[in-house]
Each structure stands twice: as C-alpha cells, then as structure tokens.
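The next block holds one structure in the form of structure tokens; read it before the comments.
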Amino acid sequence: HPPLTALILYSSAQALYQAGDIKHAAHDLSQLIHIYSTTAASGTSYPGDIVGLNLASAIALLGRIHFESKDCDRAAELCQEVLHLRCSVLGECHIDTAAASYNLALVLAETGRVEFIQESISLAKKSLDIFISHRHASQSSTVQTS
C-alpha cells in the first residue's frame with residue numbers, strides 16, 4: 001500500500017532528521033517522494049488530495065535539509081516545488097501556501113544573488129499579507145463567538 005509505506009518513510013525521515021542523521025533522512029525522503037510521485041502520476045485519487053499535501057511536506061523537509069547543508073540552489077528548487085504544490089492543492093491565500101512562499105523567500109535571500117533579491121522581497125511581502133489577513137480573520141471570528 002504506497003501511502004502507508006510513504007507515511008512510514010516520512011515518520012522515519014523526521015526521526016532521523018531530529019536525531020541529526022540527515023544523510024539517512026534525505027534517503028528516506030527521496031524514496032517517499034518517488035512513491036508519492038508515482039502514486040500521483042498513476043491517477044489514483046485520495047481524499048483531499050492528501051498525496052499532493054504529503055508530497056509537499058516531504059519535499060519541504062528535504063529542502064530544509066539542503067538549506068541547512070548550505071545547498072541553497074537545491075533548497076530553492078525544492079521550495080519552489082513545495083510552493084507550486086501547495087498553491088495547486090490549497091490555493092494562493094492559504095496559510096500553508098504563505099509559509100511555503102516565505103520559506104522560498106528566505107532561501108532565495110540566503111543565496112546572496114542580487115537577481116533573487118527582488119523576488120525574495122516580493123514573496124516575503126505576499127506571505128506577510130496572507131499571515132496578517134489570516135490573523136485578522138481569526139481575531140474577528142474570536143470576537144464574534146465571544
């Protein structure tokens with residue numbers, strides 16, 4: 001059962017990452033990304049596009065590993081993929097999409113390349129706007145229910 005195997009690999013990768021074994025964590029993540037990509041390509045659907053969201057989470061963790069290893073180019077590619085997946089599954093204004101956008105902004109800024117600075121600033125501003133709108137929406141719903 002591919003989704004179950006992928007879930008086990010993700011749990012293993014998280015534990016390995018937290019224990020500092022990033023080499024084995026990256027290996028497990030690569031395997032699970034392959035499983036999810038194959039599952040998505042097969043056209044098998046799961047409730048709430050869970051495959052797309054889980055794939056985004058796995059790629060995000062792999063991107064974090066590359067970022068922490070100072071491989072900003074690969075981290076930026078992975079962050080871009082996470083942003084694309086979350087936009088397509090959750091929409092552009094979802095808070096998780098905003099987090100993916102912000103992560104990409106940070107990685108692009110960290111590359112130190114002048115050509116990425118404007119894109120980094122734009123992504124960070126867009127993320128901040130979404131975070132603020134979600135905060136305001138959360139505060140208004142709290143006031144209405146009180």
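Below is a table of values for the structure above.
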| item | result |
| --- | --- |
| Checking Glu115 against (1) of a type in the set (Asp, Glu); (2) surrounded by 14 or more Cβ atoms within 10 Å (Cβ to Cβ); (3) over 25 Å from Lys23 (Cα atoms), the condition it does not meet | (2) |
| Residue under evaluation Lys70, criteria (1) of a type outside the set (A, V, I, L, M); (2) more than 24 Å from Ile132 (Cβ to Cβ); (3) open to solvent by less than 30 Å² (accessible area, probe 1.4 Å), criterion not met | (3) |
| Index of the failed condition, Thr38 passing every other in (1) open to solvent by 20 Å² or more (accessible area, probe 1.4 Å); (2) closer than 12 Å to Ala6 by Cβ; (3) within 16 Å of the chain's Cα centre (by Cα) | (3) |
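The values are calculated or read from the model by the stated rules, or taken from the named source; none is laboratory data. Just so it is clear, the structure is predicted and the values come from calculations on it, not from any experiment. Because the Cβ atoms are built from the backbone with ideal geometry, glycine has one as well, and the counts that use them run over all protein chains shown. SASA here: full protein model, heavy atoms, side chains in, ligands and nucleic acids out. Shrake-Rupley method; radii C 1.70, N 1.55, O 1.52, S 1.80 Å.
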